[in-house]
Amino acid sequence: MRWCVSIGAMVIAGMMSGDVASFAAPGGASRIADSKPREAVVDVELVLAVDVSYSMDMDELAVQREGYAQAIVSKDFLQTLKSGPNGKIAITYFEWAASTDQKIIIPWRIIDGPESADAVAAEIMRTPVRRASRTSISGAINFAMPLFEQNEYRGLRRVIDISGDGPNNNGMPVTLARDAALEKGIVINGLPIMVKEPSYSTMDIENLDKYYEDCVIGGPGSFVVAIKQREKFREAIHTKLVMEVAGRVPEHRVVPAADKEPRVSCMIGEKIWQERWGQ
């Protein structure tokens, strides 16, 4: 089952107060990843895949960076971290745009307390902000999948956390990449950014949250946290990271994901690009 959380809902108030107990664990969310022997067991192997396409303005990119850095050092995040059976996670952070454009900003790091969290947050903030063309969610997923095999950790869960402000318009269809990840036991969560009105000059669509629910996310307990107000950027990122580390989803179902036919075409981005630019 997949879920969508709108910013401003009661669930966020609970998370911001550190009330992790208000979330219900999804069935089967915890698992030992089937993989080669590794050096350290962690509660989750978490890949943060962050959109830097030109549709994101410089202010959004800066706030996005700050949001991740602040969330990682927050009291709620660190308390949730310590509540896990191993008290530590492995994390990597990369930026993506086109199907062949991904850049690792933070190689795999262990976060097990304030000191390691501070180091990762500082490393995120030190890297210059960049922008690039096209939007390939499928490319981001395909880039993320082998990262789990290349690290030295064995996670109880494997999660790809994707943020973006538009649908896939480059590379293979997003559903093919999503399904390949799900076959490997990887969970995909989403942070659709919906702070601007759709216009002809951008690839924004009205129902990006539904697109993410039906076409992007998947796996046990997968969920979407939609950002619909610019001032909620940091809050949304904080909420999502705490939920991912806790391995929980909202107690109350807000918007159910479609079980069969997607409510938004999973090829809408490719269609819009073709109609507007003929490529």
Sorted by mean Cβ packing within 10 Å, highest first, what order do the peptides 113-121, 262-270 take? 262-270, 113-121
Residue-wise, which Karplus ³J(HN,Hα) couplings in Hz belong to the range 157-168, taking 6.51 cos²θ - 1.76 cosθ + 1.60, θ = phi - 60°, and x for glycine or proline? 9, 10, 9, 9, 10, 10, 10, x, 10, x, x, 4
Give the residue from N86, V52, A69 lying farthest towards the positive end of the charge dipole for the range 47-89; charges sit on Cβ (+1 for Lys and Arg, -1 for Asp and Glu) and the dipole is referred to the Cα centre. N86
Pairwise FRET efficiency - K82 versus R276, Cβ, R0 = 45 Å, nearest 0.05: 0.40
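Using a 10 Å cut-off around each Cβ, can you sort K232, K240 from fewest to most neighbouring Cβ atoms?
K232, K240
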When E213, E231, E66, E261 are ordered from fewest to most other Cβ atoms inside 10 Å of their Cβ, what list results? E261, E231, E66, E213
Rounded to the nearest 0.05, what FRET efficiency is calculated for S133 and I110 with R0 set to 30 Å and r the Cβ-Cβ distance? 0.30
In whole Hz, what ³J(HN,Hα) sequence does the range 129-136 give by Karplus (6.51, -1.76, 1.60; θ = phi - 60°), x for Gly and Pro? 6, 10, 9, 8, 8, 6, 9, 10
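Going by average Cβ density within 10 Å per residue, which order do the peptides 125-138, 42-55 take, highest to lowest? Let's see the in-between values first.
On the way: 125-138: 17.0, 42-55: 23.6.
So the peptides 125-138, 42-55, ranked by packing, come out 42-55, 125-138.
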For Y93, residues with placed amide H under 5 Å, excluding near neighbours: L48, I105, I106
Karplus-derived HN-Hα couplings along the range 85-95 (A = 6.51, B = -1.76, C = 1.60, θ = phi - 60°), whole Hz, x at Gly and Pro: x, 10, x, 7, 10, 10, 9, 9, 10, 9, 9
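FYI, it's all coordinate maths here, none of it is from the lab. Being a predicted model, the structure only gives us computed values, none of them experimental. Neighbour counts are summed over all protein chains in view; Cβ atoms, including those assigned to glycine, are modelled from backbone coordinates with ideal geometry.
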